[in-house]
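The values are calculated or read from the model by the stated rules, or taken from the named source; none is laboratory data. Given the structure is predicted, the values throughout are model-derived calculations rather than measurements. Note that we place each Cβ from the backbone using ideal geometry, even for glycine, and neighbour counts take in every protein chain shown.
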Amino acid sequence: MNHAVAMFRSLWDYRGFILANVRREFQQRYTNSLLGGLWAVLNPLTMIVIYTIIFAGIMRPRLAGQEDNLFAYSIYLCAGVLTWGAFADMVGRMQGVFIQYGNLIKKSSFPRSCLPLIVALAVLIDFAIVMALYLAFLLITGNFPGWVILAFPAVFLIQLMFGVGLGLLTATLNVFFRDVGQFVGVILQFWFWLTPIIYSASILPEAIRDWLWLNPIYPLITAYQGIFLHHVWPDGSSLLGIAVGSLVLLLLSGRLFLKLAGEIVDEL
């Protein structure tokens with residue numbers, strides 16, 4: 001407990017360092033670009049427009065109970081793809097953070113816990129831009145979920161704990177076992193297609209649907225789809241397991257990181 005308190009205190013003391021690096025990471029992504037930071041808006045906007053034109057306008061797939069909603073599948077798809085993208089981005093970028101900043105770790109003295117936080121904040125900024133565009137799309141098309149949107153931050157908080165916990169775990173292990181970083185990319189690709197994001201769980205054989213509970217991200221994606229497409233409040237009981245599991249994973253990952261923080265420098 002004392003270690004955790006000391007870690008949070010050190011993070012607060014180095015808040016200037018953290019925010020400066022978050023800003024620099026965002027700016028470096030668009031260095032020498034004519035449009036600069038505008039690409040942070042154009043990229044997700046293009047994705048949403050493509051999903052809408054191709055799936056809603058051309059392919060016209062139908063979801064059960066949503067036959068009259070022209071944008072139903074676009075909303076369903078974006079609800080899963082955008083939130084999954086934030087999760088995969090969090091884990092994917094965090095797993096290599098200590099190796100990426102290896103030279104800085106060796107040359108400078110600062111709390112190593114700053115680095116995962118820098119990645120998490122950078123991902124959250126990108127996601128905030130994406131979600132603002134998505135919500136604007138829902139407003140324009142007359143599909144804004146209303147008061148149900150208040151459930152979104154709670155569901156996303158669970159995802160954030162899960163993503164940071166998994167990312168911190170893989171980041172720590174990747175320093176000692178470099179194959180971890182390679183496995184993460186492969187696993188995330190399989191994980192995406194094993195989660196009902198592009199397709200609906202209802203089209204799966206019942207024998208497969210019975211095993212979806214083993215996928216920890218499934219109840220989160222289902223909750224997002226319920227909020228944005230069906231405008232219903234998430235089922236708290238279905239989220240309880242992943243909420244508790246995410247908190248435990250975050251605590252265990254943090255404990256492992258604090259235990260091995262001193263050895264990370266030697267391994268880089």
If you scan the range 190-215, which residues turn out to be within 27 Å of Leu115 (Cα to Cα) and either aliphatic (A, V, I, L, M) or modelled with pLDDT under 90 (or both)?
none
Sort out which residues of the range 125-141 are crowded, with 16+ Cβ neighbours inside 10 Å and under 17 Å from Gly167 (Cβ atoms), and write them in order of number.
Asp126, Phe127
Can you tell me which residue is surrounded by the most Cβ atoms within 10 Å (Cβ to Cβ) among those in the range 142-162 that are assigned to a loop (DSSP other than H, G, I, E, B) and touching a helix residue (DSSP H, G or I) at 6+ places or on another chain (Cβ under 8 Å)?
Pro145
Might you check whether a residue that is within 30 Å of Gln100 (Cβ to Cβ) and among the polar types (S, T, N, Q) occurs anywhere in the range 185-203?
yes
Restricted to the range 177-199 and to residues being within 23 Å of Leu135 (Cα to Cα) and among the aliphatic types (A, V, I, L, M), the residue surrounded by the most Cβ atoms within 10 Å (Cβ to Cβ) is Ile197
Looking at the range 220-251, which of the residues that are surrounded by 14 or more Cβ atoms within 10 Å (Cβ to Cβ) and small (Gly, Ala, Ser) is farthest from Leu77 (Cα to Cα)?
Gly245
So, Tyr101, is that one without any contact (Cβ under 8 Å) to a residue 40 or more places away in the chain, in contact with a helix residue (DSSP H, G or I) (Cβ under 6 Å, 6 or more places away or on another chain) and not hydrophobic (A, V, I, L, M, F, W, C) or not?
yes
Contact list please: Cβ distance under 9 Å, first residue in the range 140-169 and at positive phi, second residue at pLDDT below 95 and of a type outside the set (Phe, Trp, Tyr), pairs at least six apart or on different chains.
Gly146/His231
Can you confirm whether the range 205-219 contains a residue that is within 18 Å of Tyr76 (Cα to Cα) and among the β-branched types (Val, Ile, Thr)?
yes
Consider only pairs whose beta carbons are under 7 Å apart and that are at least six residues apart or on different chains; among these, list those whose first residue lies in the range 186-198 and is touching a residue at least 12 places away in the same chain (Cβ under 8 Å) and whose second residue is surrounded by 15 or more Cβ atoms within 10 Å (Cβ to Cβ) and of a type in the set (S, T, N, Q).
Leu194/Asn215; Thr195/Asn215
Every listed condition ((1) free of Cβ contacts under 8 Å to residues at least 24 places away in the same chain; (2) crowded, with 16+ Cβ neighbours inside 10 Å; (3) under 23 Å from Leu251 (Cα atoms)) holds for Asn174 save (1)
Yes or no: the range 100-122 includes at least one residue that is within 20 Å of Phe71 (Cα to Cα) and more than 11 Å from the chain's Cα centre (by Cα).
no
Taking the residues in the range 252-265 that are among the aliphatic types (A, V, I, L, M) and surrounded by 14 or more Cβ atoms within 10 Å (Cβ to Cβ) as candidates, determine which candidate is nearest to the chain's Cα centre (by Cα).
Leu256
Looking across the range 192-213 at residues that are assigned to a helix (DSSP H, G or I) and of a type outside the set (A, V, I, L, M, F, W, C), the single one that is farthest from Ala86 (Cα to Cα) is Glu206
Could you check how many residues of the range 200-213 are of a type outside the set (D, E, K, R) and surrounded by fewer than 14 Cβ atoms within 10 Å (Cβ to Cβ)?
7
Assess whether Leu166 counts as being in a helix (DSSP H, G or I), under 13 Å from the mean Cα position of the chain (by Cα), surrounded by fewer than 19 Cβ atoms within 10 Å (Cβ to Cβ) and at pLDDT 90 or above.
no
Only helices (runs of 4 or more DSSP H) wholly contained in the range 74-140 count here; list those with 1 or more residues that are farther than 21 Å from Asn174 by Cβ.
114-140
